[in-house]
Amino acid sequence: MVNYREWMPTVAMVAINLAFAGVNVLLKLTLDKGVHNLVVVTYRQLISCVLLTPIALFWESRKSRPELAPGIICHLFFSALIGVTFTQYLFLLGLQYTSATYSCAFINMVPVNTFLLALPFGLEKVNIKSKGGRAKILGALICIGGALSLTLYKGTPLTNQHSHATSQNEDHDYMRRAAKDKEKWAVGSLLLAAGCFLWASWFLIQAKIGKSYPFQYSSTAILSFFGAIQSAILSLVTERDMNMSMWVLKGKLEILGVLYAGAIGSGLCYVGMSWCVKQKGPLFTAAFTPLTQIFVAMFDFSTLKEQIYLGSVVGSVLVIVGMYVVLWGKSNDAKETVMKQTQAAEEGADVP
């Protein structure tokens, strides 16, 4: 008999990454229309907060829950700062300089970053003498090599340049922006790498919050509230020449992109990820991030007419291979632990 509860986190993470793929494509189109990235982040978090607050009040008000102690509020504030404000700002800036498919390739680094960050906190362990431990180290090195390939090597385009150029002739402004983006490709890569590192840190913070305050709707609503305020302040600090007209979303695409990114990307998706972190841990949740790139690639060409470069393909393959080597090592260590526990139970001894 199928255990649906066991499969729910897997189904949830597949759906979440499909939704994130839609967010990435819509936000790329929105940024290409000239909307400022911090405006997008601020509205995105504000919409998420407005959506989730009544749901949290209705759904979780009947449950007994601990008070919002200063420690929990502090964790939520830094969770918003690291996992929402800075992560989305860096990611959208990197997305503006590169492409949707390329930026999603960097997201594949999140699981290995999560694994490396979890080591000093004792959330993950490595035994060099075991196959699983050696696999984790090898996978992390392969993944880092893939990330360096993505950052340092762009390579030749693998798609039809003529048809791509023809389609871009319809929009001269877009062509000028695309040329500028290619010049800043390396800068965009560094921004994406930094954003993915911060996102990996968010999974660890969220794992701690999930234990002390396991109410996903309430915590995500508070997180979004903090994120909206932080993003607005960051926009005032970094862009002092911004005028009020930049905060006005004029076209249907801009409004649709921000609404979808806020309600789905920053609202329901963050709730789902928080629940999955609570159920299966940070590494399991982060392991599904490569699906975003696959989903984006399925409709990227028909929507954005983006080029695929050799460096992106090579780096993406290395990152994905390295990530699954790490996951295989983690699975192998888990099996060895179960075997030791079973053997110890049979012998009536404690596992050291």
Every listed condition ((1) modelled with pLDDT under 75; (2) outside any helix (DSSP H, G or I)) holds for Lys129 save (1)
Query raised in the report: Residues in the range 99-106: is at least one under 29 Å from Val296 (Cβ atoms), of a type in the set (A, V, I, L, M, F, W, C) and surrounded by fewer than 22 Cβ atoms within 10 Å (Cβ to Cβ)?
Result: no
Restricted to the range 177-216 and to residues being at pLDDT 85 or above and among the aromatic types (Phe, Trp, Tyr), the residue farthest from Met109 (Cα to Cα) is Trp202
Handout entry: Qualifying residue in the range 89-112 (condition: at pLDDT below 65 and outside any helix (DSSP H, G or I))
Key = no
Selection from the range 124-146 of residues without any contact (Cβ under 8 Å) to a residue 24 or more places away in the chain and in contact with a Gly (Cβ under 6 Å, 6 or more places away or on another chain) yields Val126
By residue number, the members of the range 44-87 that are modelled with pLDDT of 90 or more and aromatic (Phe, Trp, Tyr) are Phe77, Phe78, Phe86
Scanning the range 219-266 for residues that are among the aliphatic types (A, V, I, L, M) and outside any helix (DSSP H, G or I), the one surrounded by the most Cβ atoms within 10 Å (Cβ to Cβ) turns out to be Leu249
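The values are calculated or read from the model by the stated rules, or taken from the named source; none is laboratory data. Remember, predicted model here, so these are calculated numbers, not experimental data. Cβ atoms come from the backbone with ideal geometry, glycine included; neighbour counts cover every protein chain shown.
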